[in-house]
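Since the structure comes first, as structure tokens, the remarks are kept for the end.
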Amino acid sequence: MVDAETERFTVGVFQDIAWAQKGVNALKQTGFPVESLTILTKDSADAAAFIERELGAAAVRIDLAGIGAAVARGPLVATLGQSELPKLGLAGTMRKVGFQAHDGRIFDALTGRGGVLVAVQSESRAADALAILHSYGGGNAAIGAWTGRV
């Protein structure tokens with residue numbers, strides 16, 4: 001077993017911006033700081049505007065392996081590595097934050113189909129974040145808990 005330092009994230013993928021809006025609002029209303037949230041989705045004017053409106057800063061454009069042009073903002077992007085995401089995509093990088101390879105492929109496929117990935121960096125409240133993501137339609141929501149097992 002290899003020791004790995006990872007940051008814990010809770011991740012869910014919403015079917016579209018309208019559903020993601022409800023989930024992000026619920027997270028913010030229950031005390032999750034904006035700085036702990038990440039939004040990542042395929043590139044569009046609506047997606048970039050949504051990210052800027054919800055996270056208070058412009059989205060970063062990234063060409064993701066497997067998905068293509070995407071927009072994102074938040075701590076998950078920095079942790080996964082903007083230089084690695086274009087080569088490996090979500091499928092190849094989610095292990096860095098405690099997810100198994102098949103979870104990364106699922107997140108990659110759902111986001112590639114137009115889903116909106118929302119991640120929360122908050123180990124102490126991971127169960128709360130998971131419940132909110134599930135309650136508001138965040139499909140395949142999970143906590144990256146495989147620290148030290150990658």
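Values quoted throughout were computed directly from the atomic coordinates according to the rules given, and no laboratory measurement underlies them. It should be emphasised that the depicted structure is a prediction, and the values quoted were computed from it without experimental measurement. Because the Cβ atoms are built from the backbone with ideal geometry, glycine has one as well, and the counts that use them run over all protein chains shown.
Using a Cα-Cα cut-off of under 21 Å, which lysines could be cross-linked to K42, ignoring same-chain neighbours fewer than 8 residues away?
K22, K87
Sort the chain into rounded, prolate or oblate with this rule: let a ≥ b ≥ c be the square roots of the eigenvalues of the Cα gyration tensor; rounded if a/c is under 1.5, and if a/c is not under 1.5, prolate when a/b is larger than b/c, oblate otherwise. Show your work: numbers first, answer last.
Details: a/c = 1.55, a/b = 1.12, b/c = 1.38.
Since a/c reaches 1.5 but b/c is at least a/b, the shape of the chain is classed as oblate.
What is the pair-distance distribution P(r) of the range 73-122, computed from all Cα-Cα distances in 10 Å bins starting at 0, with each bin given as a whole percent?
26, 64, 10
Arranged from highest to lowest average of other beta-carbon atoms within 10 Å per residue, in what order do the peptides 88-96, 11-19, 53-61 appear?
Values: 88-96: 22.7, 11-19: 21.0, 53-61: 14.6.
Peptide ranking by packing, descending: 88-96, 11-19, 53-61.
Is it possible to state the helix-based mean residue ellipticity at 222 nm for the chain, with each DSSP H run of 4+ residues giving -39500 (n - 2.57), the sum divided by total residues, to the nearest 500 deg cm²/dmol? What is it? Working shown, then result.
Details: 6 runs with 61 residues, N = 150.
That comes out to -12000 deg cm²/dmol.
Compute the distance in nm between two label points, each set 7 Å from the Cα along the Cα-to-Cβ direction, one at K28 and one at E84.
Result for the modelled spin labels: 3.0 nm.
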